[in-house]
Amino acid sequence: MINFSDGLITDGSFIRVKNISLSYQLPGSWKQKAHLQNARLYLQCQNLFTITNYKGLDPETPGLNLPPLRMITAGFQVTF
């Protein structure tokens with residue numbers, strides 16, 4: 001007789017915020033005072049957070065693989 005077990009079955013459902021990109025264009029009056037053609041602030045985020053009850057490291061990559069790295073980039077871009 002063969003016995004089957006559900007001991008390795010787990011809920012792998014999750015919600016992940018994968019990419020967020022925010023940008024703010026400085027007002028024209030500020031750009032004129034600073035003698036700039038263009039100026040903007042930006043923020044880019046990747047793999048910001050994951051909501052899950054999964055017991056492993058990452059529900060998207062089973063086994064002992066590490067979850068995707070969180071990356072946050074911010075900057076100020078100007079054109080003279």
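The values are calculated or read from the model by the stated rules, or taken from the named source; none is laboratory data. Everything numeric here is computed off the predicted structure, so don't read it as measured data. Counting neighbours? That spans all protein chains shown, and the Cβs are built from the backbone with ideal geometry, glycine included. Just so you know, the surface numbers come from the protein's heavy atoms only, side chains and all, with ligands and any DNA or RNA stripped out. Shrake-Rupley method; radii C 1.70, N 1.55, O 1.52, S 1.80 Å.
Tabulated values for the structure
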read-out: Yes/no for K33 being among the charged types (D, E, K, R), open to solvent by 100 Å² or more (accessible area, probe 1.4 Å) and without any contact (Cβ under 8 Å) to a residue 24 or more places away in the chain; value: yes
read-out: T52, sole failed condition from (1) modelled with pLDDT of 95 or more; (2) in contact with a Phe, Trp or Tyr (Cβ under 9 Å, 6 or more places away or on another chain); value: (1)
read-out: Residues satisfying the stated conditions in region 8-30, i.e. open to solvent by 60 Å² or more (accessible area, probe 1.4 Å) and within 25 Å of D58 (Cα to Cα); value: L8, I9, T10, D11, S13, F14, I15, K18, N19, I20, S21
read-out: Region 48-72, subset within 15 Å of the chain's Cα centre (by Cα) and of a type in the set (A, V, I, L, M), residue nearest to V17 (Cα to Cα); value: L48
read-out: Test: residue in region 39-48 that is touching a residue at least 40 places away in the same chain (Cβ under 8 Å) and aliphatic (A, V, I, L, M); value: yes
read-out: Filter result for R70 (modelled with pLDDT of 90 or more and open to solvent by 60 Å² or more (accessible area, probe 1.4 Å)); value: yes
read-out: Hey, F76 on the phi < 0 side of the Ramachandran plot, open to solvent by 100 Å² or more (accessible area, probe 1.4 Å), touching a residue at least 24 places away in the same chain (Cβ under 8 Å) and aromatic (F, W, Y) or not; value: yes
